[in-house]
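All remarks here apply to the structure that follows.
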Amino acid sequence: MKKKILFVCLGNICRSPAAEGIMRHMADNRRLSHLFEIDSCGIGPWHVGELPDARMRQHAFRHGYRLTHHARQIVPEDFSRFDHIFVMDRNNYQALSKIAPDRKALEKVEIIAQYLTHHPHVKEVPDPYYGGEDDFEYAIELLEDACAEIIERTSITN
């Protein structure tokens, strides 16, 4: 049975589509794609239908990831559809705690930084949108770390 994973950030154009692309790539490379259903979305509607931010696509491409997801906003059905919902920061968590239909749904929501193994001191993946080149690289580095651990933990349980 597939593990259904949803990545969430504010607008679904930087961190969450990067996490989705990284996770897909890692699962493909490990021949584990059959174990996962992977998607991403944003809390707000600002970028619905858009591709990820061009800067994030460029940085992801340098690492071998293709980001082709079109932004969408989270919907109530996502809480029942997905097994794991990973948010990028505490603000994302707070936003989802206000729209989760019940406590059981909110229990699926985790801050992705809890899966960092090479960056144990980091508590959230910062939004690179208003930053520079290094901020996009850092976000990818953190997401690679977390996604590798998510694959490790979730593929073991299948």
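Quick notes on this structure:
- Around His70: net Lys/Arg minus Asp/Glu count, Cβ-Cβ under 14 Å: -1
- Gain in span if fully extended, Glu152 to Asn29, counting 0.36 nm per residue against the direct Cα distance: 43.0 nm
- Among Asn92, Asn12, Asn29, the largest mean-square fluctuation in a Gaussian network model of the chain, built with springs joining Cα atoms closer than 10 Å, belongs to Asn29.
- Ellipsoid equivalent to the chain - semi-axes via the Cα gyration tensor, in Å: 21, 19, 15
- Calculated FRET efficiency for the pair Glu37/Asn91, C-beta based, R₀ 22 Å, to 0.05: 0.25
- Over the chain: helical MRE at 222 nm, DSSP H runs n ≥ 4 each giving -39500 (n - 2.57), nearest 500: -12500 deg cm²/dmol
- Cα gyration tensor, segment 1-91 - rounded (a/c under 1.5), prolate or oblate: oblate
- FRET efficiency for His63 and Lys104, using Cβ-Cβ distance with R0 set to 25 Å, rounded to 0.05: 0.10
- Within the listed set Ala71, Ala105, Ala54, the residue fluctuating most in the Gaussian network model of the chain (springs between alpha-carbon atoms under 10 angstrom) is Ala54.
- Max mean-square fluctuation residue, GNM over the chain, Cα-Cα springs under 10 Å, options Gln94, Gln58, Gln114: Gln94
- Normalised by the number of residues in the chain, the mean separation of alpha-carbon contacts (under 8 Å, six or more apart) gives a relative contact order of 28 percent.
- Within the chain, helices built from complete DSSP H runs that reach 18 Å or longer along their own axis (Cα positions) and carry a mean Kyte-Doolittle hydropathy of -0.5 or higher are 133-156.
- Scanning residues 5 or more positions from His69 or on other chains, none has an amide H under 5 Å from its amide H, with H placed 1.01 Å from N in the peptide plane.
- With R₀ fixed at 22 Å, the C-beta to C-beta distance from Tyr130 to Leu51 puts the FRET efficiency at about 0.70.
- Structural size metrics of segment 72-125, computed from C-alpha coordinates, are Rg and Dmax of 11.7, 34 Å.
- At full extension, His118 and Ser80 could sit 10.5 nm farther apart than now, given 0.36 nm per residue minus the alpha carbon distance.
None of the figures in this text is laboratory data; all of them are computed from the coordinates on show. Everything numeric in this text was worked out from a predicted model, so none of it was measured. Please note: Cβ atoms are built from the backbone with ideal geometry, for glycine as well, and neighbour counts cover all protein chains shown.
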